[in-house]
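These notes are about the structure you will find just below.
The values are calculated or read from the model by the stated rules, or taken from the named source; none is laboratory data. It should be emphasised that the depicted structure is a prediction, and the values quoted were computed from it without experimental measurement. Quick reminder, even Gly has a Cβ in these numbers, built from the backbone with ideal geometry, and neighbours come from all protein chains shown. When the accessible area is computed, the model is the full protein with side chains, heavy atoms only, and any ligands, DNA or RNA have been set aside. Shrake-Rupley method; radii C 1.70, N 1.55, O 1.52, S 1.80 Å.
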Amino acid sequence: MYSISQAADAARPTTPAADALPRLQKLFGFGGAKARYKDHPGRVIRCMDPFSGNLEAFKSPLKYENWLLRRFDPQVDYLNASGDAWAILCAGEQIHVKPQLVWAHAGQRGFLEIVEEPGRAITETQARALQLVARAHQMRSSIRRVDEIRDSLRLLELLDRIRQCMALHYTDLREESWTERIAEHVNEHRKCARGDLLAELLPRFPGCTEQLVDSALFWLRQHQHIFFDIEGGAYGDATVISC
């Protein structure tokens, strides 16, 4: 299993000039660990969403892994990991829940989703509250457990590695030339193996690397321009890419 340090990008801000510190403290509320973790107290995993560029925070590896699976599902059209509270008034009582994920497929009702941590079973009261709040907002409830999320550790390791590659190449992926070259090659052949694609692209384009090609392939897959199967974490030179 990969480590937390691999699963998250380290945020290492540069040290501001001494004369700028008082002004920055007022603007950003610097105040040691307490201020730094005001929104996410305790140990958290932070990473960059490779598609939106947003910085995300997760309170456990399991929550991060669940997000990975949803984030790399091309059918998921909307995804929000802010953890904001959702509330309703039911029989004069306010009921609120804080789903770890809010997500939806295109044109379908969305889900309010929470992750059940090992040793911290979701109670019937919590499950009922989630159902009531989701139904009131015309959504559905979802409780994800460890056996579902970690059904394939190989797939999680693949997605974690690809997310890091895409974060490193975030700027490159927004330069249409790279993604267009790869998309055009796949369109010409209709189907091709990843190994053949690398063998053709790497010698032709200076600066093109295996990491960049993989990043672009997953970018195009997420936007449903191309398709390839990664079920079970199977991804390599023999992977067939089609348009």
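Hey, does segment 129-143 have a residue that's farther than 27 Å from Asp229 by Cβ and β-branched (Val, Ile, Thr)? Yes, segment 129-143 has at least one match. For segment 144-166, the count of residues that are closer than 23 Å to Gly53 by Cβ and part of a loop (DSSP other than H, G, I, E, B) is zero.
Checking each residue in segment 142-186 for being open to solvent by less than 90 Å² (accessible area, probe 1.4 Å), over 15 Å from the mean Cα position of the chain (by Cα) and β-branched (Val, Ile, Thr) picks out Ile143, Val146, Thr179, Ile182, Val186. One residue alone among Arg204, Arg194 is open to solvent by 90 Å² or more (accessible area, probe 1.4 Å), closer than 21 Å to Asp237 by Cβ and not β-branched (Val, Ile, Thr), and that residue is Arg204. Once segment 207-243 is narrowed to residues that are outside any helix (DSSP H, G or I) and among the aromatic types (Phe, Trp, Tyr), the residue that is surrounded by the most Cβ atoms within 10 Å (Cβ to Cβ) is Tyr235. Scanning segment 77-134 for residues that are within 21 Å of Phe58 (Cα to Cα), open to solvent by 80 Å² or more (accessible area, probe 1.4 Å) and either in contact (Cβ under 8 Å) with a residue 40 or more places away in the chain or not in a strand (DSSP E or B) (or both) yields Asp84, Lys98, Pro118, Gly119, Arg120, Gln126.
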